[in-house]
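Only the coordinates and a few stated rules stand behind these numbers; no lab work does. From a predicted model like this one, the values you see are computed outputs, not experimental measurements. Cβ coordinates were reconstructed from backbone atoms using ideal geometry, including for glycine residues, and neighbour counts include every protein chain displayed.
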Amino acid sequence: MANFWNKIGRAAATSVAVLALGAAAHAADTIKIGSSLSMTGPASFLGDPEGKTLEMYVEEINANGGVNGKQLELVVYDDAADANSARTFATRLVEDDEVIAVVGGSTTGATMAMVPVFEDAGIPFISLAGAVVIIDPVKEYVFKTPHTDRMACEKIFEDMKKNDISKIGMISGTGGFGKSMRGQCMDVAGNYGIEILADETYGPKDADMTPQLTKIKGTHGIQAVVNPGFGQGPAIVTRNYRQLGIDVPLYQSHGVASKSFIDLAGEAAEGVRLPAAALLVAEKLPDDDPQKAVVTGYKTKYEETTGEPVSTFGGHAYDGLMILVEAMKRAGSEDPAAIRDEIEKTQGFIGTGGTVNMSAEDHLGLDLSAFKMLEIKDGDWTIVN
Amino acid sequence: MAEFLQFCASGLTVGAVYALVALGFTIIYNASDVVNFAQGEFVMIGGMTTVFATAAGVPLPAAVLIAILAAMAIGLLLHRLAIEPARGASPVTLIIITIGASIFLRGLAQIVFDKQFHSLPSFSGDTPINIGGALVLPQSFWVLGGALVIVIALWAFFNRTVIGKAVLATAANRLAARLVGINTSFVIGLSFVLSAAIGAIAGILVTPITLTSYDIGTLLALKGFAAAMLGGMGNPIGAIIGGLLVGLLEAFGAGYISSTYKDAMAFIVILAVLFVMPCGLLGRASVERV
């Protein structure tokens, strides 16, 4: 049965691809770009700033004359982090809305559900989700802007190595993000001579992690603890960590890189280290940092327009949209295949996430320098060198 | 030993919240045969209202009062607008109505409040208290003490007041209660208001430890329901014991066996108990009334 629907889906997607190309040839007055984001539901903290960012910048681009002399038209759906809805919306974007490119997919689950639709239809798709599986192995039409969890692990281990830490404990969320990052950390730990002595997990909605942390506390020889996860889990872990008086360094992931983590964890957050994008510390960047202008510009605009503090997640949407717009300008046409080729040729693009250099083998284009190691001091981020 | 005590502290704190949710289930179930799956939402309303009231500058005691009253008002509305109009319907229909109400309340909370997680400052500081090597937050004592006070107050209400006895009479036999002049519709409404207040208090007490957001209710309802089943549906003492047991099972499961199977462990034990004792630990076998 599943096979049958797959075939139907494929047939529909191919015929739609033909339709979409036909529509592009007719050259409408506007350029349609699509998006499916998790603006409500459990991943709304991702989708909400992403949606606001896309709308804000499409408006700005249009006010400045649009792209290639045409106005942009943004079609946004809310998939509420549900992979099934995301796939339905992907099909709708291709068939009904006939978009020429897509920037969206807040979560890895939603992204992976949409990938086959856009691959079959030949529509360039810039994902805003974290996991490395989106671009490894490389898929012809799929790109992404956020750093991968693998890079976060490497950045953390690099910092540990500098501080002569080699024996660690891990406490990971069992949600998609925590689970994926736990796997990646296990994978690269050996490269940095890191030994994982304790490996605990907690459910995404758990309210108390003292049993797991008590176990880690009782494990002999642990020099630091890493906590991959996002949402409220890491905030509770941080509070429980201080409650139990564990005195080795605590490393969080880029998943908690927003002000609300500091608010939730309160004083317990003091001294916590985490890798994060430069956007979080926009004002604290040295003036000669190439990202300084981009990140302060985005931060000011976002905070003025929405009245909310900036998060790195909205920044991923900014990067995705700008990479797409520059590729469309270089391609000079609305042919999805030509735009795809130009996205792949993106070189030296400076976004909120870092400097992007894509290639046929690398549809992310970021390296470890895109991450800054931060430490929380007096309720604010500071850059660690 | 320190580890054991630490697990106990964790299990009892979380378990006390499950127990209060299970108690809410029990009170409504006894009065009306309805399993109210919106019970978890009362916990959410208690926590979220307190957070937003204090953020608006209301002092904590007043915010707590507002939150409890808000939850009670919503409990009453839930009964008057959703349960009462369908009073002739089967329990299954009523249960489905409460599930609908819980989804509605979650959606409403997203709009009235927001989608973020929130915290409250602890009532008496964050310095852990050392008990035999286990480090326990002062707030844990607030949760356990609060649960104890609620249980005693409920006991006094049911056994020492006329209205309380009317509730018990309704629980025992609705028709007979009506025949002796008890307004059973009022009693059922009262049970919703009471359950809402208990849920709200649990939500307020536990927010400084576990944080709160618009969607914490679902999981609490599930755990509270499991606790009520374990203790024996309809038995208040069973609900308390069931709640504490589920909390302890989770903490010991995570601490001594494996955190990966923490939730599974608790549910496996519950299944095993129900397999041997289908009515729960303290439940009576249900008798078909003719």
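Data overview
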| item | result |
| --- | --- |
| Most mobile listed residue (A:Leu324, A:Leu264, A:Leu54) in chain A, GNM with C-alpha springs under 10 Å | A:Leu264 |
| Cβ-isolated cysteines (cut-off 4.7 Å), the protein assembly as shown | B:Cys8, B:Cys279 |
| Cα-Cα separations in segment A:326-366 greater than 17 Å, expressed as whole percent | 29 |
| Whether the protein assembly as shown is rounded, prolate or oblate, judged on the alpha carbon gyration tensor where a/c under 1.5 counts as rounded | prolate |
| Average beta carbon contacts from partner chains per residue of A:256-269, 10 Å cutoff | 2 |
| Fewest-first sequence of A:Asp289, A:Asp48 by Cβ atoms within 10 Å of each Cβ | A:Asp289, A:Asp48 |
| Number of partner chain Cβ atoms within 10 Å, mean per residue of B:208-219 | 4 |
| Lys, Arg +1 and Asp, Glu -1 on Cβ, resulting dipole of chain A about Cα centre, debye, nearest 20 | 800 |
| Calculated FRET value between B:Arg80 and B:Thr218, using beta carbons and R₀ = 35 Å, to 0.05 | 0.90 |
| Förster radius 30 Å - calculated FRET efficiency between A:Thr382 and B:Ala2 (Cβ-Cβ, nearest 0.05) | 0.30 |
| Chain A - percent relative contact order, Cα under 8 Å, separation 6 or more | 16 |
| For q = 0.07, 0.08, 0.09, 0.10 Å⁻¹, Debye-computed log10 I/I(0) when each Cα of chain A counts as one equal scatterer | -0.32, -0.41, -0.52, -0.64 |
| At most 14 other Cβ within 10 Å, DSSP loop - trypsin sites (Lys or Arg not before Pro), segment B:74-128 | B:Arg87 |
| Modelled label reach - B:Asn159, point 7 Å along Cα→Cβ, segment B:230-251 residues with backbone N closer than 18 Å | B:235-241 |
| FRET E, pair A:Gln71, A:Lys139, Förster distance 35 Å, beta-carbon r, rounded to 0.05 | 0.70 |
| Listed residue pairs exceeding 23 Å between alpha carbons, taken from A:Lys70/A:Lys144; A:Lys217/B:Lys115; A:Lys52/A:Lys139; A:Lys205/B:Lys223; A:Lys139/A:Lys259; A:Lys217/A:Lys284 | A:Lys70/A:Lys144; A:Lys217/B:Lys115; A:Lys52/A:Lys139; A:Lys139/A:Lys259; A:Lys217/A:Lys284 |
| In nm, spacing of pseudo-spin labels at A:Asp287 and B:Arg87 (7 Å Cα→C-beta vector) | 7.7 |
| Hz values of 3J(HN,Hα) by residue in segment A:202-211 - Karplus curve (6.51, -1.76, 1.60), Gly and Pro given as x | 8, x, x, 10, 4, 10, 8, 10, 5, x |
| Shape category assigned to segment B:74-159 from the gyration tensor of Cα positions, a/c cut at 1.5 | oblate |
| Average beta carbon contacts from partner chains per residue of A:194-203, 10 Å cutoff | 3 |
| Mean-position separation - Cα centroids, segment B:186-254 and segment B:10-71, in angstrom | 9 |
| Selected from B:Val14, B:Gly57, B:Val187, residue furthest toward positive end of dipole (segment B:2-216; charges at beta carbon) | B:Val187 |
| Set of segment B:128-149 residues, backbone N closer than 13 Å to the point 7 Å along the Cα-Cβ line of B:Leu168 | none |
| Separation of the A:Ala337 and A:Thr30 label points, Cα + 7 Å toward Cβ, nm | 2.8 |
| Cβ charges +1 (Lys, Arg) and -1 (Asp, Glu), total dipole of the protein assembly as shown, debye | 2780 |
| Only Lys, Arg (+1) and Asp, Glu (-1) charged, at Cβ; segment B:2-216 dipole about Cα centre in debye | 660 |
| Relative contact order %, segment B:2-216, counting alpha carbon pairs below 8 Å whose residues are six or more apart | 42 |
| Gain on full stretching of the segment that runs from A:Glu55 to A:Lys259 - 0.36 nm per residue minus C-alpha separation | 71.2 nm |
| Residue-averaged 222 nm ellipticity for the protein assembly as shown, from DSSP H runs of 4+ at -39500 (n - 2.57), nearest 500 | -18500 deg cm²/dmol |
| Over segment B:115-218: Kirkwood hydrodynamic radius from C-alpha pairwise inverse distances, Å | 16.4 |
| Distance between modelled label sites at B:Val112 and A:Glu270, nm, 7 Å Cα→Cβ extension | 3.7 |
| Where only alpha carbons of segment B:2-216 are counted, the Rg and the Dmax (Å) | 18.2, 59 |
